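The values are calculated or read from the model by the stated rules, or taken from the named source; none is laboratory data. Note that this is a predicted model, so its numbers are computed, not measured. Neighbour counts run over all protein chains shown; Cβ positions are idealised from the backbone, glycine included.
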Amino acid sequence: MGSDFGCRDGSEELGWKISTGVFHRSKFLVACLVGAGVTAASVLAIRFGGDKFSSLSSQFLMKNKKPVRVYMDGCFDMMHYGHCNALRQARALGDQLVVGVMSDAEIIANKGPPVTPLNERLLMVGAVKWVDEVIPDAPYAITEEFMHKLFDEYNIDYIIHGDDPCLLPDGTDAYALAKKAGRYKQIKRTEGVSSTDIVGRMLLCVRERSTAENPKQSSLQRQFSHGSQKVEDGVSGSETRVSHFLPTSRRIVQFSNGKGPGHDARIVYIDGAFDLFHAGHVEILRLARELGDFLLVGIHSDQTISSTRGAHRPIMNLHERSLSVLACRYVDEVIIGAPWEVSKDMITTFNISLVVHGTVAENREVEKWDSNPYVVPNEMEIHRQLESPLDITTSTIIKRIVSNHEAFQKRNEKKEASERRYYNNKTHVVGD
């Protein structure tokens with residue numbers, strides 16, 4: 001595909017500059033090498049037999065095959081399992097996935113203010129296990145100049161995007177040039193979630209807390225369990241922001257590593273809500289993984305979180321949170337709906353060597369909790385507290401939304417209209 005945009009290594013240009021005599025000698029050398037290769041191949045075929053030779057040839061070709069590099073870009077604001085699934089699909093279309101993360105300024109100019117700053121978004125994208133390389137400050141539009149940079153400097157073979165349209169402020173297709181060049185591939189959008197949807201859930205969460213005394217208001221957690229409900233006052237859009245995610249065993253398998261710990265593996269366990277999976281979560285998981293050979297993550301149920309943090313939590317339901325954690329490259333396995341207390345039986349069952357938790361907690365310090373979940377690990381002297389690298393919690397993310405409520409409300413209204421058009425015109429896309 002590189003011939004469409006010029007020779008990348010300059011060999012073609014160099015060939016035209018070589019004198020006629022040297023050029024003919026080069027052809028003679030090539031002929032000799034090819035002849036030697038054919039002779040060697042014949043000997044190998046006789047020595048090993050046709051089938052074995054074919055196998056050896058295939059292995060040689062696979063070893064020397066140029067990797068297919070694919071590129072996908074995005075804001076990756078409020079990183080969620082939908083983003084992760086898009087990256088998983090993109091990675092499946094090649095051998096190496098390069099991801100462009102747009103700058104804060106680009107997002108503000110094209111969509112409105114981001115909830116998470118660039119440094120946090122880079123951490124999140126880099127932690128996704130299907131990502132091989134990250135390009136910071138990627139442009140929102142694939143210009144001709146940037147497209148050639150991708151092809152020539154980053155050796156990108158294809159540019160990937162979802163089946164939902166991505167339009168520039170002037171109404172043109174952001175990927176028109178890549179499509180025209182024949183270097184564009186499309187993946188299926190993940191149903192049931194978007195950054196716009198999550199922001200809406202948080203706004204609803206804050207609204208519900210302020211009207212908690214109203215008995216007509218059902219808890220956000222119950223709305224998660226029973227689908228959407230109509231809103232009669234005050235909230236943008238025609239429906240409350242509730243989870244429309246339909247969990248399947250196939251999706252969990254797609255996100256899972258599919259490998260257990262080795263016989264003598266040192267298994268580290270960490271648990272939590274992991275609601276609105278953020279950079280603080282990523283960094284504490286990275287530290288935990290460094291302490292052993294296998295990281296097991298316990299994800300608390302919606303009911304456990306509601307009982308310890310209030311009826312307005314969690315924002316994301318159990319299956320959504322599980323997928324976000326599973327997509328993290330530092331995580332080897334998760335317990336979906338892990339118990340609040342770490343018991344002796346659980347430690348024995350999973351052969352846990354070390355139980356850890358971070359210093360940054362959502363509410364109170366562990367020692368002050370009515371029911372300390374780490375009593376048994378403490379008695380067994382296998383419990384350790386880790387210094388959290390980032391002072392970020394789920395409440396931090398919600399406060400960012402609340403502090404700039406009007407800007408995010410305006411951004412959401414604009415995106416809602418775009419998403420309604422997508423769903424109204426949506427057709428089935430094969431694969432995911």
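If I filter the range 146-160 for residues that are buried (at least 16 other Cβ atoms within 10 Å of the Cβ), touching a helix residue (DSSP H, G or I) at 6+ places or on another chain (Cβ under 7 Å), in a helix (DSSP H, G or I) and in the same structural domain as Arg183 (by TED's automatic domain parsing), do I get at least one hit? Checked the range 146-160: at least one residue is buried (at least 16 other Cβ atoms within 10 Å of the Cβ), touching a helix residue (DSSP H, G or I) at 6+ places or on another chain (Cβ under 7 Å), in a helix (DSSP H, G or I) and in the same structural domain as Arg183 (by TED's automatic domain parsing).
On the basis of being in contact with a helix residue (DSSP H, G or I) (Cβ under 6 Å, 6 or more places away or on another chain), surrounded by 16 or more Cβ atoms within 10 Å (Cβ to Cβ), under 21 Å from Asp104 (Cα atoms) and at pLDDT below 95, does Thr196 make the cut? Write out each step before concluding.
Numbers: in contact with a helix residue (DSSP H, G or I) (Cβ under 6 Å, 6 or more places away or on another chain): yes; surrounded by 16 or more Cβ atoms within 10 Å (Cβ to Cβ): yes; under 21 Å from Asp104 (Cα atoms): yes; at pLDDT below 95: yes.
Against the criterion (in contact with a helix residue (DSSP H, G or I) (Cβ under 6 Å, 6 or more places away or on another chain), surrounded by 16 or more Cβ atoms within 10 Å (Cβ to Cβ), under 21 Å from Asp104 (Cα atoms) and at pLDDT below 95), Thr196 qualifies.
Name the single residue, out of those in the range 62-85 being out of contact with any Lys or Arg (no Cβ under 7 Å at 6 or more places or on another chain), part of a loop (DSSP other than H, G, I, E, B) and among the charged types (D, E, K, R), that is modelled with the highest pLDDT. Per the stated criteria, the residue is Lys66.
Consider the range 106-133. How many of its residues are modelled with pLDDT of 95 or more, small (Gly, Ala, Ser) and part of a helix (DSSP H, G or I)? Full working, then the answer.
Step one: of the range 106-133, the residues modelled with pLDDT of 95 or more are 117-133.
With the extra rule that they be small (Gly, Ala, Ser), the set shrinks to 126-127.
Now narrow it down to the ones that are part of a helix (DSSP H, G or I): 126.
Residues in the range 106-133 being modelled with pLDDT of 95 or more, small (Gly, Ala, Ser) and part of a helix (DSSP H, G or I): 1 in total.
When Ala174 is tested against the conditions (1) touching a Leu at 6+ places or on another chain (Cβ under 7 Å); (2) within 19 Å of Met79 (Cα to Cα), the lone failure is (2). Here Val402 fulfils each of the conditions (1) among the β-branched types (Val, Ile, Thr); (2) at pLDDT below 90; (3) assigned to a loop (DSSP other than H, G, I, E, B) apart from (3). Listed by first and then second residue, the pairs linking a residue in the range 87-112 that is in contact (Cβ under 8 Å) with a residue 24 or more places away in the chain to a residue that is of a type in the set (Ser, Thr, Tyr), with Cβ atoms under 6 Å apart and 6 or more places separating them unless they lie on different chains, are Val98/Tyr71; Val98/Tyr154; Met102/Tyr140; Glu106/Tyr140; Asn110/Tyr140. Taken over the range 329-360, the criterion of being of a type in the set (Ser, Thr, Tyr) and buried (at least 16 other Cβ atoms within 10 Å of the Cβ) is satisfied by Tyr330, Ser353.
Those helices (runs of 4 or more DSSP H) of the range 307-390 in which 2 or more residues are touching a strand residue (DSSP E or B) at 6+ places or on another chain (Cβ under 8 Å) occupy 318-326, 344-349.
Taking the conditions exactly as written (more than 21 Å from Arg91 (Cβ to Cβ), part of a helix (DSSP H, G or I) and not aromatic (Phe, Trp, Tyr)), does Gly171 satisfy them or not? Spelling it out, it is not the case that Gly171 is more than 21 Å from Arg91 (Cβ to Cβ), part of a helix (DSSP H, G or I) and not aromatic (Phe, Trp, Tyr). Here is the figure for the range 250-288: residues that are modelled with pLDDT of 90 or more and either closer than 15 Å to Leu323 by Cβ or assigned to a loop (DSSP other than H, G, I, E, B) (or both) total 25.
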